[in-house]
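Read the structure below first, then the notes.
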Amino acid sequence: MCYTGISAQSFNPQILYIFEAINKNTMSTKYHNHDFIEISVILDGPVKYIIENKQVLLDKGDILLFNPGVSHQEYVCKGSLGHELHIGITNFRLEGFRKNFILTKDNSPVIRLKKNEEEFFKCCNEIIEEQKNNALGYDLVLKALVMKLLVVLLRETHFEENSKHTVKYAFESTDKQNLVKAIIDFMNENYMNDISLDKIAKNMYLSPVYISKIFKEETGDSPINYLIRKRLEKAKELLEVEGLPVKIAAKSVGYDDAYYFSKLFKKYYGISPSKVS
(Lines give C-alpha, C1' and ligand atoms only; values in the text may rest on other atoms or scores of the structure.)
Protein backbone atom coordinates (compact mmCIF):
# COMPACT_ATOMS: atom_id res chain seq x y z
CA MET A 1 0.00 0.00 0.00
CA CYS A 2 1.96 2.97 -1.23
CA TYR A 3 -0.69 5.68 -1.37
CA THR A 4 -0.78 7.40 2.00
CA GLY A 5 -4.17 9.03 1.70
CA ILE A 6 -3.00 12.12 3.59
CA SER A 7 -1.71 15.49 2.43
CA ALA A 8 -1.02 18.91 3.87
CA GLN A 9 -4.17 20.21 2.17
CA SER A 10 -6.62 17.69 3.61
CA PHE A 11 -5.05 16.19 6.75
CA ASN A 12 -5.97 18.49 9.63
CA PRO A 13 -6.86 16.58 12.82
CA GLN A 14 -8.00 18.54 15.86
CA ILE A 15 -6.32 17.94 19.21
CA LEU A 16 -8.84 17.58 22.04
CA TYR A 17 -6.35 17.00 24.84
CA ILE A 18 -2.79 16.06 25.65
CA PHE A 19 -1.84 14.99 29.14
CA GLU A 20 0.97 13.13 30.83
CA ALA A 21 -0.16 10.71 33.54
CA ILE A 22 2.24 9.45 36.22
CA ASN A 23 0.82 7.03 38.78
CA LYS A 24 3.09 5.58 41.45
CA ASN A 25 0.36 3.82 43.40
CA THR A 26 -2.27 1.26 42.52
CA MET A 27 -5.11 2.94 40.62
CA SER A 28 -7.76 2.21 38.03
CA THR A 29 -9.99 4.20 35.71
CA LYS A 30 -13.64 3.56 34.94
CA TYR A 31 -14.53 1.25 32.07
CA HIS A 32 -15.28 3.78 29.34
CA ASN A 33 -15.04 4.70 25.65
CA HIS A 34 -14.84 7.86 23.55
CA ASP A 35 -16.47 9.29 20.43
CA PHE A 36 -13.03 10.23 19.09
CA ILE A 37 -9.60 8.65 18.67
CA GLU A 38 -7.41 8.25 21.73
CA ILE A 39 -3.71 7.44 21.57
CA SER A 40 -2.17 6.16 24.80
CA VAL A 41 1.61 5.74 24.88
CA ILE A 42 3.18 3.64 27.64
CA LEU A 43 6.36 5.49 28.67
CA ASP A 44 6.95 3.26 31.71
CA GLY A 45 5.13 0.31 33.24
CA PRO A 46 3.91 -2.29 33.55
CA VAL A 47 0.30 -1.20 33.12
CA LYS A 48 -2.74 -3.44 32.78
CA TYR A 49 -5.67 -2.61 30.48
CA ILE A 50 -9.05 -4.22 30.00
CA ILE A 51 -9.99 -3.68 26.34
CA GLU A 52 -13.38 -4.90 25.15
CA ASN A 53 -13.45 -7.30 28.14
CA LYS A 54 -10.00 -8.71 27.35
CA GLN A 55 -7.07 -8.20 29.74
CA VAL A 56 -3.77 -6.97 28.29
CA LEU A 57 -0.50 -6.39 30.16
CA LEU A 58 1.51 -3.55 28.64
CA ASP A 59 4.97 -2.16 29.25
CA LYS A 60 7.29 0.61 28.16
CA GLY A 61 7.20 1.04 24.39
CA ASP A 62 3.64 -0.15 23.83
CA ILE A 63 1.14 2.12 22.07
CA LEU A 64 -2.64 1.91 22.25
CA LEU A 65 -4.86 3.19 19.43
CA PHE A 66 -8.53 3.41 20.37
CA ASN A 67 -11.20 3.91 17.73
CA PRO A 68 -14.43 5.61 18.84
CA GLY A 69 -16.60 3.23 20.86
CA VAL A 70 -13.80 0.89 21.97
CA SER A 71 -14.33 0.34 25.71
CA HIS A 72 -11.27 0.19 27.93
CA GLN A 73 -10.12 0.45 31.53
CA GLU A 74 -6.64 1.03 32.94
CA TYR A 75 -4.99 -0.46 36.02
CA VAL A 76 -1.58 0.49 37.40
CA CYS A 77 -0.01 -2.58 38.95
CA LYS A 78 0.99 -2.57 42.61
CA GLY A 79 4.62 -1.56 43.12
CA SER A 80 5.04 -0.28 39.55
CA LEU A 81 5.21 3.15 37.96
CA GLY A 82 2.55 3.89 35.41
CA HIS A 83 3.78 6.64 33.10
CA GLU A 84 1.68 7.40 30.02
CA LEU A 85 0.98 10.07 27.44
CA HIS A 86 -2.67 10.39 26.37
CA ILE A 87 -3.76 12.28 23.25
CA GLY A 88 -7.38 12.78 22.15
CA ILE A 89 -7.94 13.54 18.46
CA THR A 90 -10.99 14.33 16.32
CA ASN A 91 -11.56 15.47 12.73
CA PHE A 92 -9.26 12.62 11.70
CA ARG A 93 -9.70 11.48 8.12
CA LEU A 94 -7.74 8.70 6.49
CA GLU A 95 -8.48 7.33 3.05
CA GLY A 96 -10.52 4.14 3.17
CA PHE A 97 -11.66 4.66 6.76
CA ARG A 98 -14.68 6.17 8.40
CA LYS A 99 -14.18 9.62 9.90
CA ASN A 100 -12.28 9.45 13.22
CA PHE A 101 -11.28 5.81 12.71
CA ILE A 102 -7.63 4.80 12.58
CA LEU A 103 -7.93 0.98 12.67
CA THR A 104 -10.18 -1.64 11.11
CA LYS A 105 -12.29 -3.72 13.47
CA ASP A 106 -9.95 -6.68 12.89
CA ASN A 107 -6.79 -4.89 14.03
CA SER A 108 -5.44 -5.05 17.56
CA PRO A 109 -5.38 -1.68 19.34
CA VAL A 110 -1.96 -2.59 20.78
CA ILE A 111 0.95 -1.45 18.62
CA ARG A 112 4.70 -1.83 19.11
CA LEU A 113 6.81 0.01 16.59
CA LYS A 114 10.00 -1.39 15.14
CA LYS A 115 11.38 0.80 12.39
CA ASN A 116 10.22 4.19 13.73
CA GLU A 117 10.24 3.60 17.49
CA GLU A 118 13.11 5.97 18.36
CA GLU A 119 11.68 8.85 16.33
CA PHE A 120 8.19 8.28 17.75
CA PHE A 121 9.24 8.36 21.41
CA LYS A 122 11.54 11.32 20.84
CA CYS A 123 8.48 13.15 19.54
CA CYS A 124 6.49 12.08 22.63
CA ASN A 125 9.14 13.58 24.91
CA GLU A 126 9.16 16.81 22.88
CA ILE A 127 5.38 17.03 23.29
CA ILE A 128 5.66 16.63 27.07
CA GLU A 129 8.42 19.24 27.35
CA GLU A 130 6.60 21.73 25.14
CA GLN A 131 3.45 21.39 27.21
CA LYS A 132 5.39 21.89 30.45
CA ASN A 133 7.20 24.98 29.14
CA ASN A 134 3.94 26.61 28.06
CA ALA A 135 5.88 29.20 26.03
CA LEU A 136 4.45 31.62 23.48
CA GLY A 137 2.83 29.71 20.62
CA TYR A 138 3.06 26.39 22.47
CA ASP A 139 -0.34 25.29 21.10
CA LEU A 140 0.94 25.63 17.53
CA VAL A 141 4.10 23.71 18.34
CA LEU A 142 2.07 20.99 20.07
CA LYS A 143 -0.16 20.59 17.03
CA ALA A 144 2.87 20.35 14.76
CA LEU A 145 4.42 17.71 17.03
CA VAL A 146 1.21 15.68 17.22
CA MET A 147 0.91 15.83 13.42
CA LYS A 148 4.46 14.53 13.18
CA LEU A 149 3.68 11.83 15.74
CA LEU A 150 0.70 10.68 13.67
CA VAL A 151 2.67 10.60 10.43
CA VAL A 152 5.51 8.62 12.04
CA LEU A 153 2.94 6.20 13.42
CA LEU A 154 1.03 5.86 10.16
CA ARG A 155 4.19 5.33 8.12
CA GLU A 156 4.81 2.09 9.95
CA THR A 157 1.33 0.87 10.80
CA HIS A 158 -0.50 1.76 7.58
CA PHE A 159 1.81 2.53 4.70
CA GLU A 160 4.73 0.12 4.85
CA GLU A 161 4.38 -2.77 2.45
CA ASN A 162 4.74 -6.14 4.22
CA SER A 163 4.36 -4.47 7.63
CA LYS A 164 2.98 -6.74 10.32
CA HIS A 165 0.42 -4.13 11.25
CA THR A 166 -0.57 -2.99 7.76
CA VAL A 167 -4.23 -1.99 7.77
CA LYS A 168 -6.36 -2.67 4.71
CA TYR A 169 -9.12 -0.43 3.42
CA ALA A 170 -12.24 -1.15 5.40
CA PHE A 171 -15.30 0.44 3.88
CA GLU A 172 -18.25 -1.82 4.62
CA SER A 173 -21.31 -1.71 2.37
CA THR A 174 -23.14 0.80 4.57
CA ASP A 175 -20.06 3.04 4.61
CA LYS A 176 -19.88 2.89 0.82
CA GLN A 177 -23.54 3.82 0.52
CA ASN A 178 -23.08 6.75 2.90
CA LEU A 179 -20.02 7.92 0.97
CA VAL A 180 -21.84 7.77 -2.36
CA LYS A 181 -24.81 9.61 -0.85
CA ALA A 182 -22.44 12.33 0.39
CA ILE A 183 -20.89 12.63 -3.08
CA ILE A 184 -24.31 12.86 -4.73
CA ASP A 185 -25.49 15.44 -2.18
CA PHE A 186 -22.36 17.50 -2.85
CA MET A 187 -22.94 17.43 -6.62
CA ASN A 188 -26.65 18.20 -6.27
CA GLU A 189 -25.82 21.25 -4.17
CA ASN A 190 -22.88 22.46 -6.30
CA TYR A 191 -23.61 21.39 -9.90
CA MET A 192 -23.85 25.06 -10.95
CA ASN A 193 -20.31 25.75 -9.73
CA ASP A 194 -16.91 24.93 -11.20
CA ILE A 195 -16.47 21.47 -9.68
CA SER A 196 -14.34 18.55 -10.80
CA LEU A 197 -13.49 15.07 -9.59
CA ASP A 198 -10.45 16.49 -7.79
CA LYS A 199 -12.60 19.04 -5.96
CA ILE A 200 -15.14 16.40 -5.00
CA ALA A 201 -12.30 14.20 -3.73
CA LYS A 202 -10.83 17.00 -1.63
CA ASN A 203 -14.24 17.69 -0.12
CA MET A 204 -14.51 14.00 0.84
CA TYR A 205 -10.86 13.77 2.01
CA LEU A 206 -10.30 10.85 -0.38
CA SER A 207 -8.42 10.29 -3.61
CA PRO A 208 -10.14 10.77 -7.00
CA VAL A 209 -9.32 7.18 -7.97
CA TYR A 210 -10.85 5.76 -4.80
CA ILE A 211 -13.99 7.90 -5.09
CA SER A 212 -14.50 6.82 -8.71
CA LYS A 213 -14.08 3.17 -7.77
CA ILE A 214 -16.60 3.25 -4.90
CA PHE A 215 -19.10 5.37 -6.87
CA LYS A 216 -18.92 2.99 -9.85
CA GLU A 217 -19.39 -0.04 -7.59
CA GLU A 218 -22.50 1.42 -5.97
CA THR A 219 -24.17 3.19 -8.92
CA GLY A 220 -22.74 1.58 -12.04
CA ASP A 221 -21.60 4.97 -13.31
CA SER A 222 -18.87 7.54 -12.72
CA PRO A 223 -19.27 10.70 -10.59
CA ILE A 224 -18.59 12.91 -13.62
CA ASN A 225 -21.30 11.22 -15.70
CA TYR A 226 -23.73 11.77 -12.83
CA LEU A 227 -22.73 15.44 -12.69
CA ILE A 228 -23.22 15.86 -16.45
CA ARG A 229 -26.70 14.28 -16.28
CA LYS A 230 -27.65 16.47 -13.34
CA ARG A 231 -26.54 19.61 -15.15
CA LEU A 232 -28.27 18.72 -18.42
CA GLU A 233 -31.53 17.77 -16.70
CA LYS A 234 -31.55 21.09 -14.86
CA ALA A 235 -30.66 22.97 -18.07
CA LYS A 236 -33.52 21.26 -19.92
CA GLU A 237 -35.88 22.38 -17.18
CA LEU A 238 -34.63 25.96 -17.44
CA LEU A 239 -35.07 25.93 -21.22
CA GLU A 240 -38.53 24.34 -21.19
CA VAL A 241 -40.12 25.93 -18.14
CA GLU A 242 -38.41 29.28 -17.83
CA GLY A 243 -37.56 29.82 -21.49
CA LEU A 244 -34.01 30.97 -20.80
CA PRO A 245 -31.60 31.57 -23.71
CA VAL A 246 -29.15 28.73 -24.30
CA LYS A 247 -26.12 30.73 -23.16
CA ILE A 248 -27.74 31.72 -19.85
CA ALA A 249 -29.10 28.22 -19.23
CA ALA A 250 -25.63 26.79 -19.86
CA LYS A 251 -23.99 29.22 -17.45
CA SER A 252 -26.67 28.54 -14.83
CA VAL A 253 -25.67 24.87 -14.67
CA GLY A 254 -21.91 25.38 -14.65
CA TYR A 255 -20.97 25.60 -18.35
CA ASP A 256 -19.26 28.83 -19.44
CA ASP A 257 -18.79 27.49 -22.97
CA ALA A 258 -22.24 27.49 -24.62
CA TYR A 259 -20.92 25.60 -27.68
CA TYR A 260 -19.56 22.76 -25.54
CA PHE A 261 -22.82 22.71 -23.59
CA SER A 262 -24.84 22.48 -26.80
CA LYS A 263 -22.77 19.49 -28.01
CA LEU A 264 -23.30 17.67 -24.71
CA PHE A 265 -27.00 18.48 -24.70
CA LYS A 266 -27.52 17.19 -28.25
CA LYS A 267 -25.53 14.05 -27.50
CA TYR A 268 -27.66 13.34 -24.42
CA TYR A 269 -31.13 14.35 -25.69
CA GLY A 270 -30.73 14.02 -29.46
CA ILE A 271 -31.77 17.60 -30.17
CA SER A 272 -30.12 20.99 -29.99
CA PRO A 273 -30.91 23.05 -26.85
CA SER A 274 -31.96 25.92 -29.12
CA LYS A 275 -34.90 23.77 -30.31
CA VAL A 276 -36.19 23.07 -26.81
CA SER A 277 -39.26 25.08 -25.96
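The values are calculated or read from the model by the stated rules, or taken from the named source; none is laboratory data. On a predicted model such as this, the values are computed, not experimentally measured, just so you know. We place every Cβ from the backbone using ideal geometry, glycine too, and count neighbours over all the protein chains shown.
Okay, residues lined up against (1) more than 18 Å from the chain's Cα centre (by Cα); (2) outside any strand (DSSP E or B); (3) modelled with pLDDT of 90 or more:
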residue: Gly79; (1), (2), (3): yes, yes, no
residue: Ile89; (1), (2), (3): no, no, yes
residue: Phe101; (1), (2), (3): no, yes, no
residue: Lys105; (1), (2), (3): no, yes, no
**Request:** Report yes if some residue within region 70-79 is closer than 25 Å to Met147 by Cα and touching a Leu at 6+ places or on another chain (Cβ under 7 Å); otherwise report no.
**Result:** no
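Sort out which residues of region 39-62 are closer than 20 Å to Lys24 by Cα and part of a strand (DSSP E or B), and write them in order of number. It would help to see each step written out before you state the result.
Residues of region 39-62 closer than 20 Å to Lys24 by Cα: 40-50, 56-62.
If the condition is that a residue be closer than 20 Å to Lys24 by Cα and part of a strand (DSSP E or B), then Ser40, Val41, Ile42, Leu43, Asp44, Val47, Lys48, Tyr49, Ile50, Val56, Leu57, Leu58 are the ones that fit.
Name the single residue, out of those in region 175-207 being in a helix (DSSP H, G or I), polar (S, T, N, Q) and at pLDDT 85 or above, that is surrounded by the most Cβ atoms within 10 Å (Cβ to Cβ). Let's see the steps before the verdict.
Filtering region 175-207 for residues in a helix (DSSP H, G or I) gives 175-190, 197-204.
Add one more test, that the residue is polar (S, T, N, Q), and what stays is 177-178, 188, 190, 203.
If we keep only those that are at pLDDT 85 or above as well, we get 188, 190.
Numbers: Asn188: 12, Asn190: 16.
Within region 175-207, the match that is surrounded by the most Cβ atoms within 10 Å (Cβ to Cβ) is Asn190.
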**Asked** In region 240-264, how many residues are under 22 Å from Glu189 (Cβ atoms) and surrounded by 15 or more Cβ atoms within 10 Å (Cβ to Cβ)?
**Response** 10
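What residue, of Lys78, Lys48, Lys60, Lys54, is among the basic types (Lys, Arg) and either in contact (Cβ under 8 Å) with a residue 40 or more places away in the chain or within 18 Å of Leu142 (Cβ to Cβ) (or both)? Write out each step before concluding.
On the way: Lys48 fails: either in contact (Cβ under 8 Å) with a residue 40 or more places away in the chain or within 18 Å of Leu142 (Cβ to Cβ) (or both); Lys60 fails: either in contact (Cβ under 8 Å) with a residue 40 or more places away in the chain or within 18 Å of Leu142 (Cβ to Cβ) (or both); Lys54 fails: either in contact (Cβ under 8 Å) with a residue 40 or more places away in the chain or within 18 Å of Leu142 (Cβ to Cβ) (or both).
Criteria check complete, one pass: Lys78.
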**Criterion (in a loop (DSSP other than H, G, I, E, B) and among the hydroxyl-bearing types (Ser, Thr, Tyr)) met by exactly one of Tyr268, Tyr260, Tyr255, Tyr210** = Tyr255
